[in-house]
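First the structure, in the form of structure tokens, and then the observations on it.
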Amino acid sequence: MKWMYSQRLAPYVFVLPFVLSLAVFFVYPVLSTFIMSFQEVLPGQTHFIGWANYENLWDESFYTALWNSSKYTFWTIVVLIPLPLVLAVFLNSKRMKWSGFFRSALFVPALTSVVVAGIVFRLVFGSLDASVMNSIRHLFGFETINWLASSTTGMLVLVILATWRYAGINIVYFMSALQSIPDELYESASIDGANTWQKFWRITLPLLKPISIYVITISIYGGYAMFTESFILWSGNRSPNDIGLTMIGLLYRHGIEKNELGLGSAIGVVLLTITMVINVIQLRLFGLFKKED
Amino acid sequence: MSVRRFSPQTLLLLVLFVILGALALFPFYCLALASFKPSKELLRFGLNIKLQADLLSWNNYSFIFSAGGAKYITWYKNSLVITAVYTVLCMLLSSMVGYGLAMYRFFGRNLIFIFVLLVMMVPIEIIMLPLYKQMIALNLIDTFSGVILPFVVSPLPIFFFRQYAAGLPKDFLDAGRIDGCSEYGIYFRIFVPLMTPAFGAMIIVQALASWNSFVWPLIVLNSGEKLTLPIGLSSLVTPYGNNYDILIAGSVLAIVPIMLVFVFFQRYFVSGLTVGGVKG
């Protein structure tokens, strides 16, 4: 056993758990997703059916799921990048007091599980007259509505839930980036006569670009991977006219509920492709691949 | 305290953040309030934000701790067991890998690190079908091992430990060797104690992730007595009327321990949950 203690072998022993786990629980499943997407997977008689799964994919529920997931991803990015960015700048400003306290208060929702968050939002956005949001509508003279019955208000609830849960985390991301910007930059800009607005546009925003790109990237993956929120709000994977159906919901429906592993895998491959393509376009737009600095 | 100490801008910012803070905490108020209201009232009229003091009682909580809440207690225990086992194994294995990647130069190191980053990026939901098939093949369906094993060597803590260990002086490694310590002894006796803050952040983040995880346990577990807390709670959410008594008070009890830990170990949460943002 002495060889195990050699300095040359030690690093391999250290990284062994990852290599094993990677092989068994990542590389093999990813490869078999690709393979299964060309198969009809039945107990005992799995066989290749070419592109049939990909051809059968394009039904109405697929477009609904893709549209819902895309809308959700779009709106969460539109809200959850600028808002936390501005709030982080405020919290980081010298005029702000007790910013640590407020940062924590906004961060607390991130601690809840999506299940608990969904349960709370079902209550707050309940369909009855006395339900919290409906009673607030009454104050402004609007009628009671069933928030989860239409695709527009349903999406609104999903986006509000996401904003509530993730704004705090994104604020922390942006604040950590802001704190690494040297004060001297702002001081010399002030000497040159720049006002607060100019300093924000010319110094703060450009220097927040790397962290923004990171947050957008994880938001795209996270947005298209959304499932639990809708599963809880609509009490399961079924919703009227599939207004709450997401891409993962569709994958779950085919792969787990209907046991069509082949078709489910094809959906997984399409989803992975979509998110990667969007991310590459996004990274290109923001110039991450440019060798400027 | 006089308001005049603050400039108008400060006052404006404070007003803004008091409102935002109240909005962030409002759902917690709603949940707590609902947990003290009778479930029949919630089912028939919805959650009223007014206190309605005459309706409030501890009944839902006492129900959970009576015979009727036995299944909830089982879920709670299951979640505690899974979270504890997962967190301990994850810390041991991930810190080893992170340490190995940071301290040694060896053939294949960069490739392994690229894979760490790659796995970090792909959401598990996308590979869950083949992973599910894998679990069937390994006979791990409906077992705690099936919930724990696939994610126990987790890329996020590996990345974090690697970054942390890379900042520690390598002189300790040489010193340990001169004193005749084995490579593994150096890790356990010298570097594990040095990485305590990193462990603090990662224990909290991984325990939280495990406590709250939903999609994977939903797929792996199916018998009632093995469900975890989030799955159990979600099974109470039905289209035909809810079991509000256990559901709401149970949700409160699920977040109370997290809140307590957060109050005492806040800085670990903040540094741990934003790992990916630390430039590698």
Give me the helices (runs of 4 or more DSSP H) completely within segment A:25-142, filtered to those with at least 3 residues that are touching a residue at least 40 places away in the same chain (Cβ under 8 Å), ordered by residue number. A:28-36, A:52-56, A:60-80, A:82-92, A:99-107, A:114-124
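Taking segment A:88-113 as the region of interest, how many residues are over 30 Å from B:Leu247 (Cα atoms), among the hydrophobic types (A, V, I, L, M, F, W, C) and out of contact with any Lys or Arg (no Cβ under 9 Å at 6 or more places or on another chain)? Let's see the steps before the verdict.
The initial filter retains those residues of segment A:88-113 that are over 30 Å from B:Leu247 (Cα atoms), namely A:88-101.
With among the hydrophobic types (A, V, I, L, M, F, W, C) added as a condition, the list becomes A:88-91, A:96, A:98, A:101.
Now restrict to residues that are out of contact with any Lys or Arg (no Cβ under 9 Å at 6 or more places or on another chain): A:89-90, A:96, A:98, A:101.
Count: 5.
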Sort out which residues of segment B:35-57 are loosely packed, with under 13 Cβ neighbours inside 10 Å, within 14 Å of chain A (Cβ to nearest Cβ) and of a type in the set (Gly, Ala, Ser), and write them in order of number. none
Could you tell me whether any residue of segment A:165-176 is charged (D, E, K, R) and more than 30 Å from B:Gly232 (Cβ to Cβ)? no
Hey, does segment B:133-149 have a residue that's aromatic (Phe, Trp, Tyr) and out of contact with any Lys or Arg (no Cβ under 9 Å at 6 or more places or on another chain)? no
Filter result (surrounded by 17 or more Cβ atoms within 10 Å (Cβ to Cβ) and part of a helix (DSSP H, G or I)) within segment B:193-205: B:Ala198, B:Phe199, B:Ala201, B:Met202, B:Ile203, B:Ile204, B:Val205
Checking the structure you have, find out if any residue of segment B:176-187 is within 29 Å of B:Tyr104 (Cβ to Cβ), aliphatic (A, V, I, L, M) and under 14 Å from the mean Cα position of the chain (by Cα). no
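Among the residues of segment B:7-22, is any closer than 23 Å to B:Leu253 by Cα, in contact with a Gly (Cβ under 9 Å, 6 or more places away or on another chain) and either at pLDDT below 95 or not assigned by TED's automatic domain parsing to the domain that holds B:Phe214 (or both)?
The answer is no, given that none of the residues of segment B:7-22 is closer than 23 Å to B:Leu253 by Cα, in contact with a Gly (Cβ under 9 Å, 6 or more places away or on another chain) and either at pLDDT below 95 or not assigned by TED's automatic domain parsing to the domain that holds B:Phe214 (or both).
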For B:Ser94, only one of the following conditions fails: (1) within 29 Å of A:Thr33 (Cβ to Cβ); (2) not assigned by TED's automatic domain parsing to the domain that holds B:Ser235. What is its number? (2)
Single match in A:Gln282, A:Gln179 (criterion: exposed (fewer than 14 other Cβ atoms within 10 Å of the Cβ) and more than 30 Å from B:Ser234 (Cα to Cα)): A:Gln179
Which numbered condition in (1) assigned to a helix (DSSP H, G or I); (2) under 17 Å from A:Leu85 (Cβ atoms) is the only one that A:Gly154 fails? (2)
Only one of B:Asn110, B:Asn78, B:Asn59, B:Asn48 is touching a Leu at 6+ places or on another chain (Cβ under 8 Å) and of a type in the set (S, T, N, Q). Can you tell me which? B:Asn78
Those residues that are in contact with a Leu (Cβ under 6 Å, 6 or more places away or on another chain) and under 30 Å from B:Leu221 (Cα atoms), I need them from segment B:151-186; list them, please. B:Val152, B:Val153
Residues of segment B:154-186 being within 10 Å of another protein chain (Cβ to nearest Cβ) and not in a helix (DSSP H, G or I), which ones? B:Ser154, B:Ser182
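Keeping to segment B:19-32, report how many residues are facing chain A (nearest Cβ under 9 Å), among the aliphatic types (A, V, I, L, M) and over 22 Å from the mean Cα position of the chain (by Cα). Full working, then the answer.
First pass over segment B:19-32, keeping only residues facing chain A (nearest Cβ under 9 Å): B:20-28, B:30-31.
If we keep only those that are among the aliphatic types (A, V, I, L, M) as well, we get B:20, B:22-25, B:31.
Then drop every residue that is not over 22 Å from the mean Cα position of the chain (by Cα), which leaves B:20, B:22-23.
Total satisfying the criteria: 3.
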Would you be able to say whether some residue in segment A:153-165 is crowded, with 20+ Cβ neighbours inside 10 Å, over 30 Å from A:Leu233 (Cα atoms) and within 11 Å of chain B (Cβ to nearest Cβ)? no
For the list (1) farther than 30 Å from A:Val157 by Cβ; (2) more than 20 Å from the chain's Cα centre (by Cα); (3) of a type outside the set (Lys, Arg); (4) more than 9 Å from chain B (Cβ to nearest Cβ), I need the number of the one condition that A:Leu283 fails. (2)
Has segment A:143-150 got at least one residue that is within 7 Å of chain B (Cβ to nearest Cβ), touching a Gly at 6+ places or on another chain (Cβ under 8 Å) and in a helix (DSSP H, G or I)? no
Kindly indicate the residue of segment B:58-95 that is among the aromatic types (Phe, Trp, Tyr) and touching a residue at least 12 places away in the same chain (Cβ under 8 Å) and also surrounded by the fewest Cβ atoms within 10 Å (Cβ to Cβ) among those meeting that condition. B:Trp58
Inside segment B:187-226, the number of residues satisfying the requirement of being away from every other protein chain (no Cβ under 12 Å) and touching a Leu at 6+ places or on another chain (Cβ under 7 Å) is 2
State whether the residues of segment B:134-153 include one that is more than 16 Å from A:Phe18 (Cβ to Cβ), at pLDDT below 90 and at the interface with chain A (Cβ under 7 Å from one of its Cβ atoms). yes
In segment A:60-73, is there at least one residue being polar (S, T, N, Q), within 23 Å of A:Ala225 (Cβ to Cβ) and facing another protein chain (nearest Cβ under 8 Å)? no
Which of the helices (runs of 4 or more DSSP H) contained wholly in segment B:42-152 include at least 1 residues that are farther than 30 Å from B:Met195 by Cα and aliphatic (A, V, I, L, M)? B:59-64, B:70-103, B:128-137
Being more than 13 Å from every other protein chain (Cβ to nearest Cβ) and of a type in the set (D, E, K, R), is that true of even one residue in segment B:62-78? yes
Can you go through A:Pro82, A:Pro29, A:Pro17 and tell me which one is modelled with pLDDT of 85 or more, within 25 Å of the chain's Cα centre (by Cα) and within 29 Å of B:Leu149 (Cα to Cα)? A:Pro29
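The values are calculated or read from the model by the stated rules, or taken from the named source; none is laboratory data. Predicted model, so just to flag it, every value in this text is computed and none were measured. Here Cβ is always computed from backbone atoms with ideal geometry, including for glycine, and neighbour counts include all displayed protein chains.
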